[in-house]
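Presented below is the structure to which this report refers.
What follows is calculated from the coordinates using simple rules that are stated; it is not laboratory data. Because the structure is a prediction, the values reported are computed rather than measured. All Cβ positions, even for glycine, are placed from backbone atoms using ideal geometry, and neighbour counts span all protein chains on display.
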């Protein structure tokens with residue numbers, strides 16, 4: 001974990017970071033700081049700020065007066081919204097935020113929430129997904145971003161949840177052979193399997209999978225979760241969340257620095273730490 005020091009703040013003109021809890025799995029600091037080094041930017045820094053509650057955001061912004069942008073990860077993508085001043089249209093429609101732009105003027109702080117997960121996901125799946133119905137495992141902020149992206153591609157979907165059922169939401173117990181056979185795209189939008197609890201996995205009936213299926217895991221650490229390993233054992237296509245991480249990070253970078261969008265960076269260029 002990259003820990004921030006006050007001496008670092010004194011040397012920087014732009015401080016960026018990631019909020020969520022826990023953050024031991026995240027590669028974001030390594031990615032952004034390597035990007036700054038490659039660009040010859042010696043004045044920007046990126047750090048991890050593990051917050052236990054979203055209501056700690058105002059205090060964080062007061063403590064670090066050079067903090068101009070934040071990425072948001074589990075479990076705050078939805079619960080951070082009441083603590084923001086404004087949402088862009090997409091984030092408002094999704095109901096989840098993964099990027100915050102912080103503007104400071106005349107002693108006032110203004111925060112605006114964005115969601116780059118949706119476009120990052122769309123850029124990743126555009127050439128790989130079967131044109132079929134999808135199952136989204138989970139109902140949190142990441143799942144909502146995926147759902148918005150699937151709507152953009154006119155892909156019908158159902159949410160799968162452990163705790164609630166309703167319109168468009170089914171339980172893991174409802175995943176019969178027919179359901180799995182008719183939903184060839186299955187996306188894990190839960191934290192099950194994420195480092196350090198890598199022995200966890202979504203409880204879907206893996207024995208119903210076939211080579212026609214595509215399994216997509218938003219998790220990128222580890223690079224291959226048990227969810228993906230079990231899918232691979234059934235000859236399915238598998239994709240992890242690393243390229244999505246890169247895509248959404250690049251989009252966040254453009255929001256932070258208000259530049260024109262760049263082409264997405266390939267996942268093999270991401271630092272391993």
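Going from the fewest other Cβ atoms within 10 Å to the most, the residues 181, 161, 28 appear in the order 181, 161, 28.
Report the equivalent ellipsoid semi-axes for the stretch 45-105 in whole Å, largest first, defined as the square roots of five times the eigenvalues of the gyration tensor built from alpha carbon atoms.
Details: eigenvalues 68, 38, 23 Å².
Semi-axes (√(5λ), whole Å): 18, 14, 11.
Of the residues 115, 247, 53, the one that moves most in a GNM of the chain with alpha-carbon contacts below 10 Å is 53. Subtracting the Cα-Cα distance of residue 108 and residue 224 from their residue separation scaled by 0.36 nm leaves 37.3 nm. Here the residues 112, 63, 163, ranked from fewest to most Cβ neighbours within 10 Å of their Cβ, fall in the order 163, 63, 112. Per residue, the convex hull around the alpha carbon atoms of the chain comes to 130 Å³.
Relative to the longest principal axis of the C-alpha atoms of the chain, give the angle of the C-alpha long axis of helix 141-152, reported between 0 and 90° and rounded to the nearest 10°. For 141-152 against the chain, the angle is about 70 degrees. At a threshold of 8 angstrom on Cα-Cα distance, excluding pairs fewer than six apart, so keeping six or more, what relative contact order does the chain reach in percent? After rounding, I find 15 percent. Here the convex hull built on the C-alpha positions of the stretch 118-240 has a volume of 98 cubic angstrom per residue. Springs join every pair of Cα atoms under 10 Å in this Gaussian network model of the chain, and among 252, 167, 26 the largest mean-square fluctuation is at 167. The angle separating the long axis of helix 242-257 from the principal Cα axis of greatest extent in the chain is about 30 degrees. Footprinting exposure proxy ranking of 60, 242, fewest other C-beta atoms within 10 angstrom first, gives 60, 242. For the chain, the longest principal axis of the C-alpha atoms and the axis of helix 28-38 are separated by about 60°.
Largest GNM mean-square fluctuation across 213, 25, 110, computed for the chain with C-alpha springs under 10 Å, falls on 110.
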